[in-house]
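Have a look at the structure below before the remarks.
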Amino acid sequence: MNILGVGMDIVETRRIAESIERFGDRFLHRIFLEGEVAYAQSMKFPHLHLAARFAAKEAISKAFGTGIGHDLGWRDLEIVREASGAPQVRLHGRAEAYAKKRGVQAVHVSLSHTSDYGAASVVIVG
């Protein structure tokens, strides 16, 4: 296997909280899939978990070298939890097609957050 891309991102949790407050479901459902929203809303401070997932989506798009746009959309990237609790990436739609075209075998993600920041790092292998 070869490393095809590496990406990382950090986002202020306050920015996510303000977007949720200002735009509500319109923001949530533009960026996140239903399972991501449900998971975050089951936690004491949902915006912290959403910030880490937002950062993960940005990091994935950076690792692919595309950014969010034509080849990858926000909702083409889903962050889920394995039974162990570890985060895992699921690719949908355009992201799945793009990954197949690039020979991607796995997308590894690590998430972290504090009260002020959500962060993620990503390694794509093929």
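Tabulated data
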| quantity | calculated |
| --- | --- |
| Conditions (1) loosely packed, with under 13 Cβ neighbours inside 10 Å; (2) within 16 Å of residue 37 (Cα to Cα); (3) of a type in the set (Val, Ile, Thr): number failed by residue 114 | (2) |
| Counted residues, the range 37-63 - those being of a type outside the set (Val, Ile, Thr) and out of contact with any strand residue (DSSP E or B) (no Cβ under 6 Å at 6 or more places or on another chain) | 13 |
| Residues of the range 73-111 satisfying the condition of being surrounded by 14 or more Cβ atoms within 10 Å (Cβ to Cβ), among the hydroxyl-bearing types (Ser, Thr, Tyr) and farther than 21 Å from residue 47 by Cα | 98 |
| Filtered residues of the range 1-52 (kept if of a type in the set (Ser, Thr, Tyr) and under 30 Å from residue 100 (Cβ atoms)) | 39 |
| Filter result for residue 96 (touching a strand residue (DSSP E or B) at 6+ places or on another chain (Cβ under 9 Å), part of a helix (DSSP H, G or I) and acidic (Asp, Glu)) | yes |
| Which numbered condition residue 66 misses (of (1) of a type in the set (Ser, Thr, Tyr); (2) in contact (Cβ under 8 Å) with a residue 24 or more places away in the chain; (3) under 22 Å from residue 1 (Cβ atoms); (4) not in a loop (DSSP other than H, G, I, E, B)) | (4) |
| Some residue of the range 87-96 being in contact with a Gly (Cβ under 8 Å, 6 or more places away or on another chain) and over 21 Å from residue 8 (Cβ atoms) | yes |
| Residue count for the range 69-85, restricted to those that are out of contact with any helix residue (DSSP H, G or I) (no Cβ under 6 Å at 6 or more places or on another chain), among the charged types (D, E, K, R) and not in a strand (DSSP E or B) | 2 |
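Residues are listed down the side, and each one gets a yes or a no for (1) closer than 21 Å to residue 125 by Cβ; (2) of a type in the set (S, T, N, Q); (3) at pLDDT 95 or above:
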| residue | (1), (2), (3) |
| --- | --- |
| 8 | yes, no, yes |
| 13 | no, yes, yes |
| 29 | no, no, yes |
| 35 | no, no, yes |
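The values are calculated or read from the model by the stated rules, or taken from the named source; none is laboratory data. None of these values were measured; they are calculated from a predicted model. Note that each Cβ is placed from the backbone with ideal geometry, even for glycine, and that neighbours are counted across all protein chains shown.
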